[in-house]
Structures are given as structure tokens and as C-alpha cells.
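*Asks:* Structure below; questions to follow.
The values are calculated or read from the model by the stated rules, or taken from the named source; none is laboratory data. Being a predicted model, the structure only gives us computed values, none of them experimental. Here Cβ is always computed from backbone atoms with ideal geometry, including for glycine, and neighbour counts include all displayed protein chains.
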Amino acid sequence: MEIGKALKEARESKGMSLETAEENTKIRRKYLDALEQENYHLLPGKVYVKGFLKNYAGFLGLDADELVSQYADSSSAPEREDDRAGDKLTKIEKTPKTSYFKIALGLTAVVAAIYIAVPALTGLYEGAGKPGPGSIDNKNISGNKSPVENTPTPGQGERNTGQGTESPVQKGVNLTLNITDDTCWMYVEIDGSPAYQGTVLSGQVKEFKGAERVYIRLGNAGVVDVEYNGQKLGVLGERGKVVNKEFTASQG
């Protein structure tokens with residue numbers, strides 16, 4: 001039995017066109033025509049010939065397996081190079097299992113990094129506010145240490161004078177702090193920038209000058225006489241009490 005002739009006669013006996021066969025089999029018309037003409041070289045490859053032939057023959061009510069077998073035995077259907085390539089099995093390499101040791105090592109590194117980073121970040125947040133009394137004695141903002149007192153940050157308008165010496169009244173904010181008895185820890189900001197932090201001894205005088213404002217925190221307010229722009233204010237609180245006070249140029 002000629003394969004192509006059998007297909008064509010079966011289709012025509014049903015009064016069916018190639019277009020109708022294409023619509024029902026979902027096989028392109030040119031491939032159906034190639035099967036009927038036995039022009040197998042027009043199809044993509046041997047695998048496609050067998051598949052299309054089986055579907056088309058089954059659709060027409062013919063013995064599909066018989067026609068496929070006949071095609072396979074036919075000397076007029078030489079095997080194409082791409083058919084041989086398509087029949088080869090591709091080896092699938094197994095992906096090596098992930099080493100549990102490497103996973104454990106990676107997790108250990110992450111935990112260690114968190115263990116180191118968390119305390120550091122916590123310290124940054126805890127130190128973000130202004131310091132309180134007793135946090136760091138005898139240390140100014142620049143970090144220089146002194147057995148008695150600290151040298152103020154240059155350019156911040158602070159200078160040491162002898163006891164009882166008064167600075168002349170100037171524009172802006174001029175503040176004189178005279179330690180009359182005991183010691184007093186203090187923190188000072190000038191125009192929003194830290195200027196001094198440390199413990200001042202009895203008998204010492206600190207002067208600070210700002211263009212707009214001077215903020216002070218005294219850890220022992222009862223032993224500090226305050227003078228603001230030439231006006232003697234006396235002590236700002238009781239002995240042992242912490243007092244926060246801001247002086248501005250507009251107050252004068």
C-alpha cells in the first residue's frame with residue numbers, strides 16, 4: 001500500500017479538503033500535502049513524519065500503526081541527520097548536594113557579624129543624647145586629658161581667668177562660671193556645638209562666649225556663681241542638684 005495514496009484517497013472519500021483536515025488535525029496544510037505526496041524531506045524530521053502520519057491516519061480512520069510501520073521500513077524514507085540527533089538521550093548531570101558543613105559555616109559567620117554589630121549600634125544610640133553628670137570627668141570634647149581641668153576646644157570662646165577676674169561685657173552671650181566651693185561637673189554647648197565637658201575644681205573660673213546662645217548643664221549647681229553679660233545671677237540651684245540652663249543673646 002502506498003502511504004501517500006492511502007491518505008489522499010481516504011480524505012477525498014470523505015469529501016474533505018486539506019484546509020478542513022488542517023483545521024481538525026492542527027497540522028499545517030503543507031505538511032499534510034507532503035505526507036500525501038510522500039515528500040518526507042519537506043517535514044522537519046523523521047520524528048515529525050511519524051507523529052504527523054500517525055495523527056493524520058488516525059483522523060482519517062486508517063490503521064495508523066500500520067502506516068507508521070510501513071514508513072519506517074520504507075527505503076524511500078532515509079534517516080535524516082537531525083533525526084539521529086533527536087533520538088540521542090541527553091545525560092543529566094546530578095547536581096552535587098550542598099555541603100551541610102558550608103551551610104553551617106555560613107550561618108556561623110552571619111551570627112558572629114550580628115553579635116558584633118548589635119552592641120556597636122546600641123552604643124551609638126545610647127550615646128546620641130547629651131552626656132549626664134559623672135559620665136566623663138576631666139575630659140573635654142577634643143578628648144585631651146588633664147589632671148586638673150581640660151583645655152577648651154579652640155575657637156569656642158572659652159578661656160580660663162584667675163579667680164575673681166571678670167571679662168568685659170561683649171555682644172552676643174557672655175557667660176562666666178565661678179566655682180566657689182567643692183567641684184562641679186559641667187557640660188557646655190555654644191551656638192549648638194559642644195564646647196566643653198569636664199569637672200571644674202573649687203576656685204576656678206570658666207568663661208564662654210557665643211554669638212546666639214550658650215547652653216549649660218551643671219552637676220552641682222549650688223557651688224557655681226553665674227554671671228551673664230555682666231549681670232550677676234548667683235547660683236542657679238541647690239548644692240548637689242543638676243540644673244540645665246540656656247542663655248540667649250535676645251535675653252540681654
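*Asks:* For residues in the range 18-40 being in a helix (DSSP H, G or I) and in contact (Cβ under 8 Å) with a residue 24 or more places away in the chain, which is surrounded by the fewest Cβ atoms within 10 Å (Cβ to Cβ)?
*Replies:* My answer is 24.
*Asks:* Within the range 46-63, can you find the residues that are assigned to a helix (DSSP H, G or I) and closer than 14 Å to residue 11 by Cα?
*Replies:* 53, 55, 56, 57, 58, 59, 60
*Asks:* Sticking with this one: Which condition does residue 94 not pass, out of (1) at pLDDT 60 or above; (2) under 57 Å from the mean Cα position of the chain (by Cα), if it passes all the others?
*Replies:* (1)
*Asks:* How many residues are touching a residue at least 60 places away in the same chain (Cβ under 8 Å) and more than 13 Å from residue 177 (Cβ to Cβ) when one looks only at the range 188-235?
*Replies:* The qualifying residues number 3.
*Asks:* Does the range 1-17 hold any residues that are in contact (Cβ under 8 Å) with a residue 12 or more places away in the chain, part of a loop (DSSP other than H, G, I, E, B) and either under 26 Å from residue 73 (Cβ atoms) or of a type in the set (Gly, Ala, Ser) (or both), and which are they?
*Replies:* Of everything in the range 1-17, those that are in contact (Cβ under 8 Å) with a residue 12 or more places away in the chain, part of a loop (DSSP other than H, G, I, E, B) and either under 26 Å from residue 73 (Cβ atoms) or of a type in the set (Gly, Ala, Ser) (or both) turn out to be 1, 2.
*Asks:* Okay, moving on. Only residues that are assigned to a loop (DSSP other than H, G, I, E, B) and buried (at least 20 other Cβ atoms within 10 Å of the Cβ): list them for the range 215-232, please.
*Replies:* Passing the criteria: 219, 220.
*Asks:* Tell me which residues, restricted to the range 179-214, are polar (S, T, N, Q) and in a strand (DSSP E or B).
*Replies:* Of everything in the range 179-214, those that are polar (S, T, N, Q) and in a strand (DSSP E or B) turn out to be 193, 197, 199.
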